[in-house]
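Colleague: Dropping the structure in here first, questions after.
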Amino acid sequence: MKYGLIPVNLGVSTMQQMVGMAQKAESLGYESVWTFEHVIVPLDYQSKYPYSASGKMGGSPDVNFIDPLIALSFIAAATEKIRLGTGVNILSQANPMYVAKQSASLDLLSNGRFMLGVGIGWLEEEFAALGVPFERRGARFDDYLQGMRKVWSGEVVEHQSEFLNWSGFKSYPMPMQDPLPVIMGGSKGKIHERIALYGNGWFAPTSDLAELARHLDEIRKQCDLIDRDYNEIEISIMWSGQTQQEQIDAYQDLGVERMVVPLFALGADPLKGMSELAEKLIG
């Protein structure tokens, strides 16, 4: 089992604090660090956050929310082996050419340690602030990923669609990893089909064993429909860090390969909490 920490870019006040946390995680044997993304946090919003009973995400609009790729670039420069993931970036509201370019650059400069976690988004107010239509964000997401894969191929890009008109260019550098891992976030809508078609992994927003099993069965069915090897897809979950070894074994039996622990679940002193958890799990 691999263990990660999330989010290293939220609530930090200095570069030294953020980078120091990642360096500590690396020294303790954690496999990865991850970021959250929101470009804005509205003071009030009508959109419903789909992964909490209240319909609201945690956190205050006044908390520092460092841009994920900038945060991971700083961390990449100060670490050697810990992997770097976005958990997740909202691709449907972004410029896919910039995301492709920045992802390839970060993967190259980190010596092949980057994982691009992406989702379609849920916060309509954020799309509005960025001047991007909220409607058809799922179709836009699918199209963007198809286009980005062509950018990362190193070949001349030809991709004309409803959302993109790319023709006759290359964009280097290429990612060091082939393929650059694209990790799908979320559990709603067409997520199972999208994972089978475009994903190298799934970042599950649940740690409930029964719910996970249902989702994994659906992903497996979608893979079978397109003759894709289900075992190519790496499964990660968000995990409280409080589970007993028996349940960790049950996750592993389901096929979970990575457990990502929220820093805010580790108590008032995250550095102490991550050290204690590492001693228990990693040795």
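The values are calculated or read from the model by the stated rules, or taken from the named source; none is laboratory data. As the structure is a prediction and not an experimental result, all values here were calculated from the model. FYI the Cβ positions are ideal-geometry reconstructions off the backbone, even for glycines, and counts take in every protein chain you see.
Colleague: Please specify each residue of segment 6-17 satisfying the condition of being out of contact with any Phe, Trp or Tyr (no Cβ under 6 Å at 6 or more places or on another chain) and under 24 Å from residue 205 (Cβ atoms).
Modeller: Hits for segment 6-17 are 8, 9, 11, 12.
Colleague: Residues to consider are 148, 176; find the one that is modelled with pLDDT of 95 or more and either among the charged types (D, E, K, R) or in contact with an Asp or Glu (Cβ under 8 Å, 6 or more places away or on another chain) (or both).
Modeller: So the residue among 148, 176 that is modelled with pLDDT of 95 or more and either among the charged types (D, E, K, R) or in contact with an Asp or Glu (Cβ under 8 Å, 6 or more places away or on another chain) (or both) is 176.
Colleague: Something else now. Looking at segment 83-97, I want the residues that are over 20 Å from residue 113 (Cα atoms) and have a partner that is of a type in the set (Lys, Arg) with Cβ atoms under 8 Å, at least 6 apart or on another chain. Which pairs are those?
Modeller: That search, which allows pairs on different chains as well, returns 92/137; 92/140; 93/137.
Colleague: If you take just the strands (runs of 3 or more DSSP E) that sit entirely in segment 188-283, which of them hold at least 3 residues that are touching a residue at least 60 places away in the same chain (Cβ under 8 Å)?
Modeller: 256-262
Colleague: Here is a check on your reading of the model: is residue 10 in contact (Cβ under 8 Å) with a residue 40 or more places away in the chain, hydrophobic (A, V, I, L, M, F, W, C) and within 19 Å of residue 269 (Cα to Cα)? Break it down stepwise before answering.
Modeller: Numbers: in contact (Cβ under 8 Å) with a residue 40 or more places away in the chain: yes; hydrophobic (A, V, I, L, M, F, W, C): yes; within 19 Å of residue 269 (Cα to Cα): yes.
So residue 10 passes the test.
Colleague: Can you tell me which residue in segment 1-10 is farthest from the chain's Cα centre (by Cα), limited to those that are outside any loop (DSSP other than H, G, I, E, B) and either among the acidic types (Asp, Glu) or under 15 Å from residue 65 (Cα atoms) (or both)?
Modeller: Here the residue is 10.
Colleague: Output the residue which, of all residues in segment 239-258 that are over 19 Å from residue 217 (Cα atoms) and crowded, with 20+ Cβ neighbours inside 10 Å, is farthest from the chain's Cα centre (by Cα).
Modeller: Ranking the qualifying residues of segment 239-258, first place goes to 241.
Colleague: Just the residues that are in contact with a Pro (Cβ under 7 Å, 6 or more places away or on another chain) and not hydrophobic (A, V, I, L, M, F, W, C), please, taken from segment 104-121.
Modeller: Those that are in contact with a Pro (Cβ under 7 Å, 6 or more places away or on another chain) and not hydrophobic (A, V, I, L, M, F, W, C): 105, 107.
Colleague: Now for a different question. Can you confirm whether residue 278 is closer than 15 Å to residue 3 by Cβ, surrounded by 14 or more Cβ atoms within 10 Å (Cβ to Cβ) and in contact with a strand residue (DSSP E or B) (Cβ under 8 Å, 6 or more places away or on another chain)?
Modeller: Numbers: closer than 15 Å to residue 3 by Cβ: yes; surrounded by 14 or more Cβ atoms within 10 Å (Cβ to Cβ): yes; in contact with a strand residue (DSSP E or B) (Cβ under 8 Å, 6 or more places away or on another chain): yes.
Judged against the criteria, residue 278 is a match.
Colleague: Failed condition for residue 179, given (1) over 20 Å from residue 121 (Cβ atoms); (2) not in a loop (DSSP other than H, G, I, E, B), with all others met?
Modeller: Of everything listed in (1) over 20 Å from residue 121 (Cβ atoms); (2) not in a loop (DSSP other than H, G, I, E, B), residue 179 misses just condition (2).
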